[in-house]
Amino acid sequence: MDFNLNENQQSYVDMVRKFVRNEILPHILELEKKHEFPRRIIKKAWEAGILNLSIPESVKGFEIDPVSTALIIEELSYGDTGISTSAMCNDLANVVIAQHGTGSQQQEFLKPFTDAPLLASFCLTEPNAGSDNSSMTSFIRKTDQGYILNGTKCFITNASFASQYTVFCKLGKPGANLLSCVIVPVENDSRRGNEISAARGGRIVLGNPEDKLGQRLSNTASVTFEDVLIRDEQVIGDRRQGFKYVIDVLDYARPMVAAIGVGLARRAFDVTLEYTKERKQFGQRICDLPVARDAIVKMWKKVELSRMALLQAACKVQERAPNRGVYASLAKNVAAEAALFCANEGLHLHGGYGFMSEYEISKLVRDAHIIDIYEGVREVQDMIIGRELV
Ligand SMILES: Cc1cc2nc3c(=O)[nH]c(=O)nc-3n(C[C@H](O)[C@H](O)[C@H](O)COP(=O)(O)OP(=O)(O)OC[C@H]3O[C@@H](n4cnc5c(N)ncnc54)[C@H](O)[C@@H]3O)c2cc1C
């Protein structure tokens, strides 16, 4: 066992750190206040090779291993977790094609992401099917021309800008027991207001971008698929194995959400340490007051422990260990808790200033909450862990 980063991993970390230092941190509060999608930064991240980490080398992707992917996402999240959520969403949507798609599906649906800074969406959640995704009602039905997809997905990251949607849906009818996974590319330049044409026919209707508490630099919106034509080649793997594919995707992606949590916790720790070294009360630096020092130590411990949980989970995913799911859930919960703890304690240690929007810690508190929710709320992770233990 070796806790040191290898040469490749260190060079990824150095590169993303530099990107974050130059492109994100200097303007972060200004950008976040505008609540505009940071297309320029996403494009630069793509040019720097920070997007589409899971795309196979056979279609000119980077095919970066899960441990290195976690390190890259942690570093990007240190800059902003909205930007990292949008960036990693491409892999969330595309990894199922890398894992279960045929060579020609990978060529058709993954190659475009290596050619241009495009965005993808992963469409699982529905208005009445969140934690319990088995109750979803979006479905495909067979016709003479292929399948037809109908249904509405909500809270979908990158939805307003995606060139392609990975959609999980019931097979045959809304109440079916089997799930399929289909890929829906959009037709180029077909957007009219909130409507887009699907590349093979049918309509995609987008909701307005959600006005969110935090992660305001990621885009989130609902997507409705209306009579969207799906050719056989757009169905990934076995059309009856969608539930298995969801689990494969989430096993890969939960450590990545943990990486988002670790990055945020680290940032909250650093800005708080810096502030408490500057600010004096009772004739001493805040960080030298014993009770405040104790809080800083607790924050540091949370950061370090969540990082260990993250690396263990990423190693398990990399080795395809049979118990990778339970470690992915553990890492997600531990990192979400660290992010919330460090952001909340950090705000407290900033005193009244922490409550002011010009201090980054107030943004970090808002951003932290969703880490405990998306890709499965804390209780769902505990359910997965509990099921495995007994
Ligand atoms: C910013 C953002 C981005 C997102 N991006 C995506 C995306 O790209 N693609 C996508 O498909 N989805 C996405 N989601 C959806 C996200 O994954 C869901 O919001 C999440 O899984 C929870 O579902 P829900 O909101 O319906 O909450 P619910 O399932 O209604 O849960 C509400 C609460 O009930 C409790 N609860 C739920 N289940 C249990 C249980 N089994 N035991 C005990 N208590 C329980 C928990 O306290 C939980 O917080 C995103 C959401 C947000 C807010």
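Values in this text are rule-based calculations from the coordinates and carry no lab data. Keep in mind that this is a model prediction, so the values were computed, not measured. Methodologically, a virtual Cβ is constructed for each residue, glycine included, from the backbone with ideal geometry; neighbour enumeration extends over all protein chains shown.
Cross-linked pairs K173/K244; K43/K111; K111/K212: Cα-Cα separations exceed 27 Å for K111/K212.
Normalising the average separation of contacting C-alpha pairs (under 8 angstrom, six or more residues apart) by the number of residues puts the relative contact order of the chain at 15 percent. Sequence-distant contacts, meaning Cα pairs under 8 Å at least 6 residues apart, place the relative contact order of segment 1-75 at 34 percent. With K and R counted +1 and D and E -1, the other residues having a Cβ less than 15 Å from that of F109 yield a net charge of -2.
So if we plug the beta-carbon distance of L213 and S135 into 1/(1 + (r/R0)^6) with R0 = 30 Å, what FRET efficiency do we get, rounded to 0.05? Calculated transfer efficiency: 0.70.
With each label modelled as a point 7 angstrom along the Cα→C-beta vector, the Q145-V205 pair spans 1.9 nm. Charged neighbours of L5, selected by a Cβ distance under 13 Å, balance to -4 (K, R count +1; D, E count -1). Helix 66-79 and the long axis of the chain differ in direction by around 60°, with both axes built from C-alpha atoms.
Take every DSSP beta bridge whose two residues both sit in segment 120-240; close to 85 percent of them are antiparallel.
Compared with the direct C-alpha span, the chain from N323 to E358 gains 8.3 nm at full extension, assuming 0.36 nm per residue. Summing charges over all other residues whose Cβ lies under 11 Å from the Cβ of R141, with Lys and Arg as +1 and Asp and Glu as -1, gives +2.
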